[in-house]
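Notes to accompany the following structure.
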Amino acid sequence: MAGQTDPHISLFSPEEVEFMGEDELVEIVPNMNMEPLNFIAGDFGRFVPQIPTQVPLWLAVALKRRGKCTFRPPQWLSVDNLTQILEAEREPQSKFQPLPFSYVEIARLLFDHARDDIPDMYMVRSLVEDIRDVRLHKLENNLGSFQGTSAVKMDNVSAMEVNLVRPFARRALEAFYKHDKPEADTADRDTRSSRQPREANNEPRRPLRQR
Amino acid sequence: MVRIQKVESFYAKLRESATSAGSENPLLIFPSSSDVDSICALKVITHILESDSIQYSCFPVSSFLEIHKYAGPGLCSSSESPVTILLINWGCHRDLKLVLKLGPKARVFVVDSHRPIHLHNLSDYNERVVVLHTDDDERQADLAYDFHVSKLANESYQRGDESDDEEEEEEEDEEEEEEEGDRPSKRRKMDDGVKLFKKLKRDYYKMGTFHGKPSGCLLFELSHFLRKNTNELLWLACVSLTDQFVHERLTDERYQAAVMELEQHINSSGNIDKVTSVTLKDGTKVRAPDCSRISYEEEPRLMLLREWNLFDSMLCSSYIATKLKTWSDNGIKKLKLLLARMGFALIECQQKFPYMNNEVKRKMKQEFDRFLPEYGLNDFYYRSFLRLHGYSSKVSAADVVYGITALLESFLGSGGSSASQQFGEAYDALSLNNLDKLQSGMQQAIKVQRAILRQGSKAITKTGCIRSGRKFRWVKVDDTIDAKYLGYPQALTKFCYFLMDALREKGARMKPILCACASQELGKILVVGVCGKPRLGAVRGNAFGNAFRKAAQESRADYFHELFESSWIVLDASAVNSFMIRLTEKL
Amino acid sequence: MFLFTARFSLTASETETFSDGLSVERKRVKPILMASNSDMGSADFESLSSTSDVELLKRAWRNEKAAPEILPYEGDLVERAKGQIELVEGNIEDYVENGMDPLVVSLYQMDLDRTQFLLRSYLRVRLLKIEKFMFHTLKSEEAESRLSEQEKVFATKCVADLAKHFEESVLIKLRESYRSVLKQSLISEEDDMVPEPHLDTFVVSRSNSHVTLNLYEEGESHQIVEMYRGDVYFIRYKVAKGAIESGKVDLI
Amino acid sequence: MMYGRKGYQLVKDFASGEKGLLKPFNSKLFDETIEECEQNHGLIQSLITKMQQEGLDVQNNRNADHYGALVHHLSLTRNKRCLMAYVHNRAEIVRDLAWRVGLVLLELPPDIQEKLTALEKDYFKNHSKAIKSYMGKLGIELNVDMVPPKDPYIKIRVVGDIDQGIMMSDKTTNFTRHSMHFLKRTDAEPYIARNQLTYPPCLIGGKI
């Protein structure tokens, strides 16, 4: 069924990545009075008209859809800030610029539910899309430069980018690791054999025995 | 109070009834599947209901009887659990408590632009039916009453209880009037109060049928009041107003007033982005697509121009075709001459509109303004709404109405895709991310308009095709191919208006017109009557309502008069002629 | 059984009286493990903000989904989460009976739905892993120790059912020396028919605190990696396994 | 006679099916592979008895017959792996059905039930029992809530033919074809699993 990850590969569905991103705090301006909400996920509010307050994204979207608040878009989601980030990302050999871990999910939820609260919303959306494409392109390129090592650091990478590049990176890194491991002495051949996925052991260890 | 003046108190009452404890059913919504305004109204009200987490079930219907198929037992039996029903764009012109046999606990809410509203539905004592009929709707109505409707409604409801269906009651009033004329002595003794009541009631119903404010616009005002209006809902309000305009359900003056109202909403809804492009320091330009903006502009009365080409759109659009008589050869010659005089090469005009060269497109308005008045086409441009989306594409509200109506009216009889399935197609096509469905609807609308031109030309040029009686003219569409396009109420109504305009251009005396065409059911004929376009100061709307029913009863064939316009009726193929003869006596 | 632990946060509150004209006495107990701390720089890591049970459950679910093998069962956390869910379900019923504003009720319902989804997904992912490597999970003491009691029962039944299914559809149709479920034939020395989780796969880790990991196993040339709080690494699972179980590092 | 081809075709037949969807059980190829195992085993026996008649030590005398028997042993174990893989992969889908579509065999869509062998139907029942007893002990339903929750309510349109009088948690309604409903997500999920409902393009709160 759409949205549910294939339980057999440990990958997150886009809906699950968005679900995790919905716990990020955003600022809203309520237009009604409401008692504090004591959720399992934490305490939020006393909501007073026109007084900004911080709530998780999923709660903000629910209130917005019910006409109970407007969003205060996060500082990083502005035309100027995003233009600088895009320019920096496009610099050759540049590192990833700092962005919230779930910046893709936050942007999409705000575009879907809070269009009228984001100034120049369509310009902002085009910039976010371009930033996302440039970063993915860079990620794919330096996949090739992973050396044969057991740990590769990734700076300022976001949830969606990790989820997207994970299968390719995993295959590449496993292949590197298997081929150019430092020469282990022969004694612990068994430990190495336990590294390969378990294939049938073809040669019989002991000769054929009488039935 | 059964008649609700304020749209917000209507919603408050609906919400309270729908969420009342003990109700076993969610709110049941029955939108009419006969017109675009109904879909727009449905989308607006469901947006509001969803944001208030009110559960509902929605079943599109195309006639009075279908409601029982879906509503389940709660509706009319004496079951104790309350059930709340919302009717969209149908039902208010008949006595709902009677017709739907409402049980003690059923409550029906009605948002319907059909007028007049049946007096029993408006009475304060009728708790079962709640009708939304705002003051400004009544004041601006095309046909105004000079008496106090609600007082009359209450009196009629109390009196109504003893007498049966209100049509019969109105029937014997008319006989009285005639009797009064020639045989005063036999008239029954009546005190003045009753006589006045009877006279007012007769005047109320004698006005014939017409339309009030579009339901989509009414419910958009509700969303605005509840601070839940969005750009999407504003566009739906524009489309629902244009639906009434395209199908001649309101006067031009009322259309202009309503356009002005929506223009204020468009201006104030911050529709226009300030920054539309950004240039990076290395010179690359990042452009923002047009953000599904709504704009209002002067649009030519050319049907589906952006989906068609200039020549064919001028050839087939009713407004130009009837003025230039493009059904005749010299009419087509006149059209080609006009294009030449405007400096447009014919092959250019036959290019698909998006590929027509921009020079012609830019000069079009200026040339039309210069030449068209000579042909009597002075109000060729009218104020309308446009939706911009993607990078440069535009769609006009009128074209959306044509396309969606064509989708609604392409259900097939037995076996084929049902009316409610087509309602789903039309519902999806109304959202911007389903452009392919809208486009297929618009292509279908082009075929319908070509069929109208074909059958219109045949009817006008072939003598004896249009049978003219004392009270009305009527014509039957025999062509089986074109019947596939015209065998639907809205399409056949457009065909009637086309014929009426053509006859006016030929100088014929204006008379109501009826069109008959094979419907989707085997052996059945759909008959649609049109009295003329609503005009300011007109005394009557469409007078066919009751006359249809009585003529059909007397012709003793079985008939189906349950569709949502009383000027639409379905008859046995064999009964058409006798129906027409009897109808002349009834008018 | 509730594990009462102190919670240090700005709006700590033990009991809440709803003043919305309702005298519903709502007992709210928030057993939270660790102290909350302020937000972290511009790239905020929500897993480091106040670690409520929801955060812990989300971390457990995410680690379980990303790890190739089944991780130790978080029994206490599951019990606490179950307790809070039942508490909130009760509260919601009271709200509905007392005709609370449907908006507030639906918001509490959403908070409940999110926690329930996390709990259900966490338990379900573990069962699916048990199904995938059912023979392996019962093979060693250590593997079995990671399962809850009910998971052990489930695993045992899975093994029995699948073995029976293999038996009836394939094995009885073969000759005696080839009828083993675990071995290809009698002469195979070890269970060469048992799929095992692939511990050398690469996973993505994010460190919660400064940690140094040895990249290679004994007998190999020494290489280490120093990870600072918030660093994200593609790393071989086997190397990070210890740090994951100790909570120093999360998988994302 | 090329040994091992039947086994290969059997596994290929499974692999050609759509991921996660069952094809009918290929009993023809399955039995032919079993048959081949019998032949392999027969040949191993005859080669061993031939060596014994020649007084040779079967273990250490590495003559042609010894290796002949070895080849057939390998072919037999390969066939066994193919057979086990075929049954194992189908069993995986059967388990997935229990999780995703429903725990009651007879409630599975008929076109799925047709493709299950009698043994697989038993396996389905056993596995459902295992899941149900686990859920029962824990008091939490795990075959629900497969997709992260959005709003507790969801908007759907009925595309399949569903019987009338649908019982929902607190209300009843009719799921007639082409009707649209806005209801609690948990009430809609069982029907979505049997894909009788779709999300119409206008999700709640999303673009209309």
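Nothing in this text is a laboratory measurement; each read-out follows from the coordinates by a stated rule. Only a predicted model underlies this, so the values are computations on that prediction, with no experimental measurement involved. Using ideal geometry, Cβ is built from the backbone for each residue, glycine included, and neighbour counts are taken over all protein chains shown.
Numbers for the structure displayed
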quantity: Inverse mean reciprocal Cα-Cα distance (Kirkwood Rh) of chain B, Å; calculated: 25.6 Å
quantity: Most fluctuating residue given options D:Thr186, D:Thr77, D:Thr173, as computed from a GNM of chain D linking Cα atoms under 10 Å; calculated: D:Thr173
quantity: Shielding by partners - mean other protein chain Cβ count within 10 Å, residues of C:232-240; calculated: 5
quantity: Alpha carbon convex hull of segment C:198-252, volume per residue in cubic angstrom; calculated: 73 Å³
quantity: In segment C:137-217, GluC sites (Glu not before Pro) in a DSSP loop with at most 12 other beta-carbon atoms within 10 Å; calculated: C:Glu189, C:Glu190
quantity: Euclidean distance of C-alpha centroids, segment D:140-191 and segment B:531-587, integer Å; calculated: 44 Å
quantity: Rg over Rh [alpha-carbon atoms, Kirkwood Rh] for segment A:14-183; calculated: 1.08
quantity: Where only alpha carbons of the protein assembly as shown are counted, the Rg and the Dmax (Å); calculated: 37.7, 140
quantity: Tensor-based shape of segment D:26-120 (alpha-carbon gyration tensor, a/c under 1.5 rounded, otherwise prolate or oblate); calculated: prolate
quantity: 10 Å Cβ neighbours from other chains, averaged over peptide B:43-54; calculated: 5
quantity: P(r) weight above 32 Å for chain D, C-alpha pairs, percent; calculated: 44 percent
quantity: Per-residue average of Cβ from other chains inside 10 Å of D:178-188; calculated: 6
quantity: Stokes-Einstein diffusion coefficient of segment B:451-587, Kirkwood radius over Cα pairs, 10 °C, 1.306 mPa s, in µm²/s; calculated: 106 µm²/s
quantity: Listed residues D:Ser75, D:Ser46, D:Ser128, most fluctuating in chain D (Gaussian network, C-alpha, under 10 Å); calculated: D:Ser46
quantity: For segment A:109-153 versus segment C:130-195, the gap between their alpha-carbon centres in whole angstrom; calculated: 45 Å
quantity: Distance between segment B:295-355 and segment B:471-492 - C-alpha centres, whole angstrom; calculated: 25 Å
quantity: Which of B:Lys199, B:Lys43 has the fewest Cβ neighbours within 10 Å, and the rest in rising order; calculated: B:Lys199, B:Lys43
quantity: Principal-axis tilt of helix D:64-100 within chain D, Cα atoms, nearest 10 degrees; calculated: 10 degrees
quantity: Three principal axis lengths of segment C:134-196 [C-alpha, angstrom, descending]; calculated: 38, 24, 14
quantity: Proxy reagent accessibility, fewest Cβ within 10 Å first, across D:Cys82, A:Cys69; calculated: D:Cys82, A:Cys69
quantity: Of B:Lys476/B:Lys506; D:Lys6/D:Lys115; C:Lys183/D:Lys6; C:Lys129/D:Lys137; B:Lys13/B:Lys206; B:Lys13/B:Lys97, those spanning more than 24 Å from alpha-carbon to alpha-carbon; calculated: B:Lys13/B:Lys206
